[in-house]
Amino acid sequence: MMSFRKSVAAALGAAALLASAALAHEYDVGKIHIDHPWTRATPASAPVAGAYMVLENNGDTPDRLIGGSTPLAKDVQVHSMSMENGVMKMRQLTDGLEIPAHGKIELSPAGFHLMLVGLKHPVEAGGKRIPVTLTFEKAGTVNVELAIEKMGTTAPTAGHGDHAGHDMSGSGMSGMPGHDMSSHSGTSGM
Ligand SMILES: [Cu+2]
């Protein structure tokens, strides 16, 4: 009886683990943990798309996200976003983005993000997840897939109900598109 119960519990536990892993949509490479990479559907002629995720460094030394590649776009760049004279500006971080030792960085429409530059076709809502290879200075490369959210989404929905929308609340930026195409075309000469 006892062993029967135990094996049922073990089977249920394994099933629950599998289910949560599928929902959570996460990856590991070296000491870097990548949680729920996602992007947003884009307008038909959009030249760029953002990619967002949470990066966690479980190592004792800092690492850097230095870029990536995808079949969907010509280039994958690391960008920062900051307010300058009341205007949101995006900038390419050519040295990459540091993930501190035992630190956590969130890439989001309102801050640091990856930019898929030179889209070969638009990102379609409800389309297949987009394969992207991420490159870290120390941890190396890892293949991930971007879940696709609706156009204009500010926070992912899948598996992140606990903190959906937290990055925009109270910031006064809720009406601001995370990826303003006009501000991007303004930096195309970089
Ligand atoms: Cu950008």
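The values are calculated or read from the model by the stated rules, or taken from the named source; none is laboratory data. A quick note: this is a predicted structure, and the numbers were derived from the prediction, not measured. A quick note on method: Cβ atoms are made from the backbone with ideal geometry, for glycine too, and the neighbour counts reach across all protein chains shown. Keep in mind that these areas ignore ligands, DNA and RNA; they rest on the heavy atoms of the full protein, side chains included. Shrake-Rupley method; radii C 1.70, N 1.55, O 1.52, S 1.80 Å.
Residues that are within 11 Å of the ligand (Cβ to nearest atom) and open to solvent by 30 Å² or more (accessible area, probe 1.4 Å) within the stretch 89-106 comprise K89, R91, Q92, L93, listed in sequence order.
Which members of the stretch 107-150 meet the condition of being within 13 Å of the ligand (Cβ to nearest atom) and of a type outside the set (A, V, I, L, M)?
S108, P109, G111, F112, H113, G118
Among the residues making up the stretch 58-70, those that are in a loop (DSSP other than H, G, I, E, B) and farther than 16 Å from V48 by Cα are N58, G59, D60, T61, P62.
Cβ separations smaller than 7 Å between residues 6+ apart or across chains give the following pairs from the stretch 71-98 residues that are assigned to a strand (DSSP E or B) to residues that are acidic (D, E): M88/D180. For the stretch 109-132, filtering for residues that are open to solvent by less than 10 Å² (accessible area, probe 1.4 Å) and either assigned to a strand (DSSP E or B) or polar (S, T, N, Q) (or both) leaves 5.
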